[in-house]
Structure formats: C-alpha cells, structure tokens
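Visitor: Here it is, the structure in full.
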Ligand SMILES: [Zn+2]
Ligand SMILES: [Zn+2]
C-alpha cells in the first residue's frame with residue numbers, strides 16, 4: 001500500500017490474504033487499487049475490498065491494463081455492477097491505463113511502465129523517488145528509464161536459480177546495480193529464499209522485505 005502525505009492510499013494488487021493484511025496493519029482507508037496483472041496471487045483478494053467500500057461509502061476505482069481488467073471483470077463480474085445500498089457485494093469501477101502514462105490517483109502521480117513476465121505483461125510503477133516492480137523476468141529499457149534516479153526500489157525476486165517468469169537473486173542484484181537505488185528491497189520471494197540467508201548474503205544496498213515493512217519518503221521526516 002502506498003500512502004500520500006495527505007493520507008490518501010493506493011493498494012497495489014489484492015492478494016488472497018488481503019483481509020488478514022488489512023486487519024493486521026489497521027488499514028482504514030483506500031482511495032484506489034492498481035493491479036500489476038491478473039495472476040491469481042495478485043487478484044484473488046478482490047472480494048475483500050467490500051469492507052473498504054463500506055468504510056469509504058463509495059465504489060473504488062481499480063486501475064489496470066485492458067487485458068488485466070478484462071480478466072478480473074470476467075472472474076469478479078458481480079463486483080463491477082453498479083453499487084448496491086449497503087454494499088452487499090464489492091463495488092469496483094474499472095479504469096483502463098497503459099504503460100507510458102502518468103496517472104493521477106489518490107492525489108499521487110503514478111508513472112506506469114511495461115515489464116516482461118513472459119506469460120503476460122505486468123505494470124511497474126514509479127511515484128517520486130519510489131519504484132515498484134514485481135513479477136518481471138526481463139526489464140525493458142523503458143522500465144530502466146522510468147526507474148532512473150529512484151531512491152527506494154521494491155523488486156520481485158523469486159528464488160536462487162534462474163526462473164522462467166521471475167527474476168532470481170543474481171538478476172535482481174544486477175538490476176539493482178543498474179538502477180542504483182539507495183535501497184533495493186526484494187519481494188515476492190519463494191520458499192528457498194531463507195530470510196536470514198538473504199540478510200547475510202545480499203550485497204550492500206539490497207535487503208529482503210517482510211510483511212508490515214514501511215519505507216518512508218524523506219519529506220515525511222524519516
Ligand atoms: Zn505473475
Ligand atoms: Zn505473482
């Protein structure tokens with residue numbers, strides 16, 4: 001989740017454990033949802049957004065590429081119908097976006113770029129000095145250009161050995177050197193990426209993420 005200095009929030013992807021995550025991190029506000037792609041581990045929590053509709057008292061805009069939106073409007077057709085009073089089902093409003101656009105959502109300018117996940121395209125994003133790239137095995141040049149100068153970069157890294165659709169450790173390290181962020185945080189880690197091993201083995205500037213991790217931008221006084 002990304003929070004603006006004014007307190008508006010963007011949820012990036014809605015995984016199957018979304019309900020538990022919203023509860024354990026005390027999330028009481030949501031202004032927009034951005035989907036990187038429609039793989040099940042990124043969208044199967046969409047039904048849990050109903051409580052956020054109730055809290056916000058309105059439908060939530062959900063941003064994604066045309067392909068992603070076609071997929072989720074098929075799987076969650078009931079959530080894209082006009083809202084009912086009382087929100088007895090989730091109420092989502094599909095907003096199609098494309099790589100290369102800078103999209104204003106939740107009071108933030110979000111720059112979107114295309115990433116190669118082999119089986120489909122995924123969206124990477126940049127907001128000020130923060131970049132986020134998950135589910136990517138090859139980073140197109142336009143992605144590196146969009147990420148140039150970020151301070152913090154969160155990047156998906158699945159395992160130690162090369163993988164057909166995800167970056168592995170060595171590749172993530174190479175990319176991190178090229179992007180040059182002060183902090184590169186690995187996410188979307190698979191079972192062979194032992195956290196203690198990563199803390200010891202990753203080079204300076206790279207670290208494994210964890211549930212509940214908070215990265216703050218300098219203007220927040222962190
Ligand atoms: Zn995926
Ligand atoms: Zn994934």
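The values are calculated or read from the model by the stated rules, or taken from the named source; none is laboratory data. Small disclaimer: the values here were computed from a predicted structure and weren't measured. Methodologically, a virtual Cβ is constructed for each residue, glycine included, from the backbone with ideal geometry; neighbour enumeration extends over all protein chains shown.
Visitor: Scan 100, 156, 190, 131 and give me the residue that is at positive phi and at pLDDT 95 or above. Walk me through how you get there before you give the answer.
Guide: On the way: 156 fails: at positive phi; 190 fails: at positive phi; 131 fails: at positive phi.
Answer to the selection: 100.
Visitor: Only one of 128, 109 is more than 16 Å from ligand 2 (Cβ to nearest atom) and surrounded by fewer than 14 Cβ atoms within 10 Å (Cβ to Cβ). Can you tell me which?
Guide: Within the list 128, 109, the selection yields 109.
Visitor: Just a yes or no: is a residue in the range 144-158 surrounded by fewer than 21 Cβ atoms within 10 Å (Cβ to Cβ), away from ligand 2 (no atom under 16 Å from the Cβ), in a helix (DSSP H, G or I) and under 18 Å from the mean Cα position of the chain (by Cα)?
Guide: Yes.
Visitor: Residue check, residue 94 against (1) surrounded by 21 or more Cβ atoms within 10 Å (Cβ to Cβ); (2) outside any loop (DSSP other than H, G, I, E, B); (3) more than 15 Å from the chain's Cα centre (by Cα), all met but one. Which one?
Guide: The number of the failed condition is (1).
Visitor: For the range 116-135, give me each residue that is free of Cβ contacts under 8 Å to residues at least 40 places away in the same chain and in contact with a helix residue (DSSP H, G or I) (Cβ under 8 Å, 6 or more places away or on another chain). Steps first, please.
Guide: Filtering the range 116-135 for residues free of Cβ contacts under 8 Å to residues at least 40 places away in the same chain gives 116, 126, 133.
Within the range 116-135, 126, 133 meet the criteria.
Visitor: Being modelled with pLDDT of 95 or more, at negative phi, in contact with a strand residue (DSSP E or B) (Cβ under 6 Å, 6 or more places away or on another chain) and in a loop (DSSP other than H, G, I, E, B) narrows it down to one residue among 11, 30; which is it?
Guide: Step by step, each of 11, 30 is checked, and only 30 is modelled with pLDDT of 95 or more, at negative phi, in contact with a strand residue (DSSP E or B) (Cβ under 6 Å, 6 or more places away or on another chain) and in a loop (DSSP other than H, G, I, E, B).
Visitor: Exactly one of (1) crowded, with 19+ Cβ neighbours inside 10 Å; (2) in contact with a strand residue (DSSP E or B) (Cβ under 7 Å, 6 or more places away or on another chain); (3) outside the structural domain of residue 145 (by TED's automatic domain parsing) is unmet by residue 87. Its number?
Guide: Status for residue 87: all satisfied but (2).
Visitor: On to the next question. Does residue 166 satisfy the criteria of being crowded, with 19+ Cβ neighbours inside 10 Å, within 16 Å of ligand 2 (Cβ to nearest atom) and within 14 Å of the chain's Cα centre (by Cα)? Steps first, answer last, please.
Guide: On the way: crowded, with 19+ Cβ neighbours inside 10 Å: yes; within 16 Å of ligand 2 (Cβ to nearest atom): yes; within 14 Å of the chain's Cα centre (by Cα): no.
No: the conditions fail for residue 166.
Visitor: Tally up the residues in the range 174-201 that are away from ligand 1 (no atom under 16 Å from the Cβ), surrounded by fewer than 19 Cβ atoms within 10 Å (Cβ to Cβ) and closer than 21 Å to residue 129 by Cβ, please.
Guide: 5
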